[in-house]
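K.L.:
First, the structure itself, so that you have it in front of you.
The values are calculated or read from the model by the stated rules, or taken from the named source; none is laboratory data. A quick note: this is a predicted structure, and the numbers were derived from the prediction, not measured. Ideal geometry is used to build each Cβ from the backbone, glycine not excepted, and the neighbour counts take in all protein chains shown. Areas reflect the complete protein model, heavy atoms only, side chains present, ligands, DNA and RNA absent. Shrake-Rupley method; radii C 1.70, N 1.55, O 1.52, S 1.80 Å.
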Amino acid sequence: MSAYSVAKNLRDLAMQPQNRVAIVKDQGCLPGLVLFLDNDDPRVVVMALEALRYLSLCPSNRVPMRNEIGMLVSLKAIKASKDQKACQLASEIHTTLVPASRNTRSRRAGAASGQYFLSGANKNARMITLQISGLTDSASRFKCEQKLLATSGVVSFTFDIAKKRCVLRVNQSVKVETICQAIAGTKTMTAQQVVKNDMGEEVFLTFGSSPAIALDNKENDMPDYLPEDDDSNVIKKGAVARVDDNNGNGNGWMSSVTNFISKSFYW
């Protein structure tokens, strides 16, 4: 089933009020729709936005939708795009999820603390920046996405293809070596960690025969969490949330969503 077909099926299901709570509660559907917001096909983006608009009409869905990693960042990016229909839908959804009064309070609280988080999940995560050789287009990005989605402990990630970089949020226990090995599994890409030295200059950590030693020594000097200055660290394209694959078969969220659609609803 193609991305467009999955997005369309979810949109059609979301049109029915009785389906909206179940779609949001499912572990794959909502993260999948957020992932579709970064799709290269404008039809997929619009279809995902239409589904999200219907889902946002249910009051009980608004908090989990607002807290879904990558949701608000992706909506803001689409609001700034040139696609008039997508921009209108994104604005409508964002207004529904984040009323003006709440948005003002959130920004004031963030300014007071000096930190902003996309969701409560980030307080137990750290940020990693990777330089990825071979990340050149949407096809290579898709391959990298599949490897990251199948990697345990990856919370979310964003790509900047122009700079060949990926910024990830991962659990504290995840080693950079593991992520780099996963990316190397594409057979067409390799990754290096981007860190700053004492002079504030960017340096690259390459993982060789004993990468864990270099990694552990470097990470001991780094803070547990990295602050975010109101989206300044967020790449304009939407963040991608990982969907856990409990069976470990690597099929990813697309298979999960497809199975959910076919087994959970009557057409």
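K.L.:
Stretch I161-K82 to full length: gain in nm at 0.36 nm per residue minus the Cα-Cα span? If you can, show how the numbers build up before the last one.
P.N.:
On the way: separation 79, 0.36 × 79 = 28.44 nm, distance 1.99 nm.
Once the chain is fully extended between I161 and K82, it gains 26.5 nm.
K.L.:
Work out from phi, with θ = phi - 60° and the Karplus expression 6.51 cos²θ - 1.76 cosθ + 1.60, the ³J(HN,Hα) of each residue of segment 29-35, listed in order in whole Hz, and give x for Gly and Pro.
P.N.:
For segment 29-35, the Karplus-derived couplings read 5, 5, x, x, 5, 5, 4 Hz, x marking Gly and Pro.
K.L.:
Share of segment 1-89's accessible area from carbon and sulfur, percent, 1.4 Å?
P.N.:
Ligands and nucleic acids excluded, carbon and sulfur give 52 percent.
K.L.:
How much accessible area per residue does segment 1-66 have, counting only protein heavy atoms and a probe of 1.4 Å, in square angstrom?
P.N.:
39
K.L.:
Return the sequence-ordered ³J(HN,Hα) values of segment 144-158 in whole Hz as given by the Karplus equation 6.51 cos²θ - 1.76 cosθ + 1.60 applied to θ = phi - 60°, using x for Gly and Pro.
P.N.:
For segment 144-158, the Karplus-derived couplings read 5, 4, 4, 5, 5, 5, 8, 8, 5, x, 7, 8, 7, 7, 9 Hz, x marking Gly and Pro.
K.L.:
Turning to a different aspect of this structure: Anything over 22 Å Cα to Cα? Flag those among K164/K187; K85/K143; K8/K164; K147/K187; K175/K196, in the order listed.
P.N.:
Details: K164/K187 16 Å; K85/K143 29 Å; K8/K164 31 Å; K147/K187 11 Å; K175/K196 18 Å.
Cα-Cα > 22 Å for K85/K143; K8/K164; rest within.
K.L.:
Taking R0 as 45 Å, what FRET efficiency do you get between E202 and S5 from their Cβ-Cβ distance, rounded to the nearest 0.05? Present the calculation step by step, with values, prior to reporting the outcome.
P.N.:
Values: r = 42 Å, r/R0 = 0.93.
Efficiency, rounded to the nearest 0.05: 0.60.
K.L.:
Give, as a single signed number, the net charge of other residues whose beta carbon lies under 15 Å from the beta carbon of K187, with Lys and Arg counted +1 and Asp and Glu -1.
P.N.:
Details: positive: K143, K147; negative: none.
Surrounding charge for K187 is +2.
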